[in-house]
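**Student:** For reference, the structure I am asking about is given below.
Taken together, the values in this text are just the output of simple stated rules run on the coordinates, not laboratory data. Remember, it's a predicted structure, so these values are computed and weren't measured experimentally. Virtual Cβ from ideal backbone geometry, glycine too; neighbours counted across all protein chains shown.
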Amino acid sequence: MNNTIKYKLPVFIAVPLMMMLSVSSCEKNEEILPVTIQFESKELNIHEGSETLITLTLTRPAPKDAVVSIKIQSNAVYGQHYTVEPDGESGILQLQVKKGDQSIAFKVKTIDTSVFDDNLTVTFILTDASNGMATGFRSSLNVEILDDEGPSIANFELESGNVDENNEAGIVVKILLSIPAQGSGSVVVYFNPVKAQYGIDFITDPEMKADNNLIELQVESGSVETGFKVIPINNEVYNGDLGLSFEFSSTTGAVKEGPMGFYNFHIIDDELPSLANFQSTNGTLNEGDTDGLKVEIPLSSPVKGEGK
């Protein structure tokens, strides 16, 4: 015989009881799950010379005091391009979280320089949080500092040029800049031999690097042009006119390459060729003449070089 006594709770008691048990379960889960902190966004742009407040949010009010550590990585120079409040010169930023806080913040100030640095990036990375606080999925923030200066665009002044072989002074090949250089930089020019050979047919000033055919031209802040000199070597040998070309290999710093980055050049030979002509337009040879017939080809002048 089953002596179990069954009792059914009235609805007005059962429903509130279930709700109380559910709330109690949620409260226990909240106690188990750590408070999470993260940046409000992953990307942020700021113009050079302005400042912004960077906010980190918590998933719920902090249950206790804590410390958050943020690592700073950047291709910008601290104190020259930007600063952080509180101070982050060491590369590590320490932020205090007080009990009950739902967010914390720090300030980034950028410095308006008068030189072109291109856009720079500062990255903030959440590395540690004390007292059981966890980092969220937005644990890093990239701040791009937008430069308000523009680059100087470099172009060859002309598309082509030439110099006489006997011109000892040589000729200057100019490279013009679109605006005065807002900072230092360089233009690297590559020499394409075509027919001319460096050190035999010409030299340059500044000197070309023999191992890679490159001329590196430094550009100082405020410069409006740069260039190099081509000096022909008068070898007293007839080679004909020699072609060569120069083109931009790369630019650095405050200088960028423009559309006219190619320059054709010719060294005009000052020697004349020796002209060859048959001495006569016809001749005869008897069938039995064992000595043959000598056909002479005189030259108009002594040969200056080799030929055939």
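**Student:** Could you tell me the extents of the stretch 53-104's C-alpha atoms along the three principal axes, largest first, rounded to whole Å?
**Tutor:** That works out to 38, 17, 15 Å along the principal axes.
**Student:** Quick one: which residues, 5+ away or cross-chain, put their amide H under 5 Å from the amide H of THR135? H built at 1.01 Å from N.
**Tutor:** Excluding prolines and chain starts, which carry no amide H, the hits are ILE37.
**Student:** Shifting gears a bit: Within the P(r) computed for the stretch 130-218, what percentage of the Cα pairs occupies the region above 22 Å?
**Tutor:** Counting every Cα pair in the stretch 130-218, those more than 22 Å apart make up 53 percent.
**Student:** Where does the Debye-calculated log10 I(q)/I(0) of the stretch 63-199 sit at q = 0.17, 0.20 Å⁻¹, using only Cα point scatterers of equal weight, no solvent?
**Tutor:** -0.99, -1.19
**Student:** Seen from all sides and averaged, what is the projected area of the convex hull of the Cα atoms in the stretch 197-257, in nm²?
**Tutor:** Result: a mean projected hull area of 5.1 nm².
**Student:** Quick check on my link table: of LYS209/LYS229; LYS42/LYS256; LYS42/LYS107, which ones sit more than 25 Å apart, alpha carbon to alpha carbon?
**Tutor:** LYS42/LYS256
**Student:** Sum up the charges of everything whose Cβ sits under 12 Å from the Cβ of GLY243, counting Lys and Arg as +1 and Asp and Glu as -1, but leave GLY243 out.
**Tutor:** The answer is -2.
**Student:** If Lys and Arg each add +1 and Asp and Glu each add -1, what is the summed charge of the other residues whose beta carbon sits under 15 Å from the beta carbon of THR204?
**Tutor:** The answer is -4.
**Student:** Would you mind checking the stretch 33-67 for residues with the amide N under 17 Å from a putative spin-label position 7 Å along Cα→C-beta of SER103?
**Tutor:** Taking a point 7 Å out along Cα→Cβ of SER103, the residues of the stretch 33-67 whose backbone N falls under 17 Å are 36-45, 52-62.
**Student:** Among the DSSP beta bridges whose two residues both lie in the stretch 114-214, what percent are antiparallel, rounded to the nearest 5?
**Tutor:** Once the DSSP bridges in the stretch 114-214 are tallied, antiparallel ones form about 90 percent.
**Student:** For the stretch 251-261, in order, what is each residue's ³J(HN,Hα) by Karplus, 6.51 cos²θ - 1.76 cosθ + 1.60 with θ = phi - 60°, in whole Hz (x at glycine and Pro)?
**Tutor:** Rounded to whole hertz, the list is 9, 9, x, 7, 10, 10, 6, x, x, 9, x.
**Student:** Residue by residue through the stretch 220-230, what is 3J(HN,Hα) from phi via Karplus (6.51 cos²θ - 1.76 cosθ + 1.60, θ = phi - 60°)? Round to whole Hz and write x for glycine and proline.
**Tutor:** Per-residue couplings from phi come out as 8, 4, x, 5, 10, 7, 8, x, 8, 10, 9 Hz.
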